[in-house]
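See below for the structure under consideration.
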Amino acid sequence: MARFQRKAVLKILMHINSNISNPAFPIFHSGKAGRTFTSKALSYGEQWHFPRFSRQQDSKEPEKDLQQLKAMAEEITHLKQVRDIVRWDQFTYMPTHTSTIEQRGKQLASLTQVIQDRLKSTRFKNILSRLHGVEIVDPLDRSLVQYYKQRVNIADKLPCDLLRQTNEAETQAQFAWSKAKRTGDFSLFLPHLKTLVALSRKKVEHLNKLNTGKKRTLGYHPYDPLLAQHAPGIDVKRLDRIFKDVSSELQTLLKQIELKQNLRSSDRSTKGAANLTNPADTMKELAFIQKELLEPLGIDFSRARLDTSSHPRYISVSPSSDVRVMIRKGTDTIDALEKGFALHEAGHALYAQNGNPLLELLPDVASTALDESQALLIQNHVGKSKEFLRYLLPKLKETFPDRYRYTDLENYYRKTNTIKASAKRMDADEVTYMLHILVRYELEKGMIEGTIPVDKKLPERWNQKMADYLGVIPDNDREGILQDAHWADSDFGYFPTYALGQLYAAQFYHAARQQIPDLDANIRRGNFKPLEHWLSRNIHCWGRQMVETPEDLLRAVTGEGLNPQYFIDYLWQKYSELYSIRRPAYTKSVEKSVLANPGNQGTIEAV
C-alpha cells in the first residue's frame, strides 16, 4: 500500500514538473464519487480523478468507517486548534503573573490529555483496525488512515504522564527563559533546561520502541528520533557530513569577506543607509509591513493577523483559514523588516495559507525543514535581492521620509547584504547563519546523548563554539546562550531545520528562476503572483502524508535530491560581486555524489 501511494504521488509530482509552464495545473479539489485535483491559486485546468475504493470490494463498510474516522479526526483537529489559540495568547497578550503562568501550563496539559485520550480510545483504534488491509485508492483517504495509525502508534508509546509533565515544564520554562534573558542570568533558566532535557531523553526512549530492529540499519543516534520529527529522511550521520563540508565553505567565504572589509575600513560604502534610531510609531510600521510587504506577497489578512511578541513566531491555527504572524516587540518594528524577520514569518504564513484545504485533517507540513525553506526563500532569495529592494525602497521613502530620504538603492542593497560575524543568530546574515545553527546543533546533540552536561558551564561551552566557528564571543549570556526560545519550548531537533531550510531554499529558488519567465522583472514591479503560484502548486500544497520525505518533493521539483552545491554557488556568486572577491578553485570540491542523496524514488541513504 505504501509503495502504491508513493508511486501515485510521484506520478502526480512528475506531471507537475513536466508541465510547470502550463497554468492549467492539477492539485486537490473534492469530488463526489471520488476526488479530483486542482489548486487554490490555480482553480482551473486538467483534473485527476480517483475512486474511493477498488472495485473488487464492498465499499459500504469502509465508507462508514471512513466517515466515522473523519468525524473523530475533525474533533481532534479542533482541539489542537484551540490549543494553538491558547499558545498564541500566551505569546502575545497573556498576563505574566506566576499564578497565570502555572494555570496556563495546566490548561495546555489538560488539552493535550484530552487529545491523547481521543487517540487512545477503543473506538478510534477499532475503526483503524477495521480499515487495516482495506485497499483505499483515494490518496487523501488513504493518507488520513496512515496518518492516524502513526499518531495512535506514537500516542501508545508516549505515556500521558510524560506529555503532561512536558507541557507544564515547557510553560514554566518559557517564562523562566524570558526572565533570564531580560536579566542575563542563565541560572534562572538552568533548572528548567535540565528538566526539559531529561524529559526529552525519556521521550527518545519511548520513541525508540517504534524503531525496534531498525537501529543498526539506520545508523541510530539518540538524537535521531528528535531530528526525524522535523526532518524526515535525515539522520545525524548524514547531517554531520553536510555540516562539515558546507561549514568549511562558509568559513572560507567569511574570511575572504572579512579581509576585504578590513582593506576597505575607510570606505563609506553604506553612507546614506537608513538611520533606524529615531522613535517610531509601531502601529504605523505594522500597517506598512502588512500593506506594502505581506499582502503583496500573497498573504490574505482576512485569514491572518499580525502581532508582536517577545520572539518572532507564526502559528498556523487552521492553515487555510487562520494564520497568526508575530514579529519581535521592544525595538522599532521596521527593524523586523530590515533584518528580514517579517519576511521570514511571511514565508511561513504563505506556506500555511496556500496549503490544500482538503488536508485540514492532515495538519502536518511535509517537514519542518521544508517549512523553514519557504520562510528562508522569501526572507533571503526574494527579500535581499536587488530586484525586491528596488520595489520596496520607494515605498519606504514615501512612508518614512525622515529615515530613507537620502538612501539610494546601491547603498541600501549593500547594507541589506552586509556580512559580519555577530553573537546573535537573529542578526546573522546569509553567510554566517548556518554557523550559528552548527553551534546550537552540536550543543543540543551533546546534551541529548549525554556527552555535554547540562550545568552552569554550558554558557562557557557555548562561547567557545562561537569563537571556534565565528570568531566572536558574546558579551553576556543574554546575547549568548539565552538568545533563543527553542530550548524553552523543548524544541530539540529543530535548529538543524534552519540549515536544511537554507539548502532546500537555494535549490528550490534555482529551479524557480529557470521555470518562471521574467521572475526578476516581476519582482522589480512588485508582482509576486508568478512566484506565489509556482510555490503553491509545487510545494505548498503537499502535506507530510502525500510525500514520504521532503527529498521526494525536492527531487520531483528540481530533478535531483538534496545538493548543497546550489546554496554554496548562490553565496559565492552573490558576494563575490558585492565584495569584489574571487572564489578559490579548491572550494569547488563539494560534489553532488557526496552530499546529494544517492537514492531515488524517495529512498534515503545516509552519507
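Side notes on the structure shown:
- Amide proton proximity set for ARG328, modelled H, under 5 Å, gap of 5+: SER309
- Rounded, prolate or oblate (a/c below 1.5 giving rounded, otherwise prolate when a/b exceeds b/c) for segment 54-162 by Cα gyration tensor: prolate
- Net +/- balance of residues flanking LEU158 in space, Cβ distance below 12 Å, scoring K and R +1, D and E -1: +4
- Net charge of the neighbourhood of GLU398, taken over other residues with C-beta under 13 Å away and scored Lys/Arg +1, Asp/Glu -1, is +4.
- Fewest neighbouring Cβ atoms within 10 Å first, the residues GLU410, GLU249 line up as GLU410, GLU249.
- Rounded if a/c under 1.5, otherwise prolate or oblate - segment 504-583, Cα gyration tensor axes: oblate
- Extension gain, VAL114 back to THR252 (0.36 nm per residue minus Cα-Cα distance, nm): 44.5 nm
- Listing GLU74, GLU560, GLU345 from fewest to most neighbouring C-beta atoms within 10 Å gives GLU74, GLU560, GLU345.
- Among CYS160, CYS541, sorting on how many other beta-carbon atoms sit within 10 Å of each Cβ, with the fewest leading, yields CYS160, CYS541.
Where a number appears in this text, it was derived from the coordinates with a stated rule and is not lab data. The model shown is predicted, which means the values in this text are computed figures rather than measured ones. Here Cβ is always computed from backbone atoms with ideal geometry, including for glycine, and neighbour counts include all displayed protein chains.
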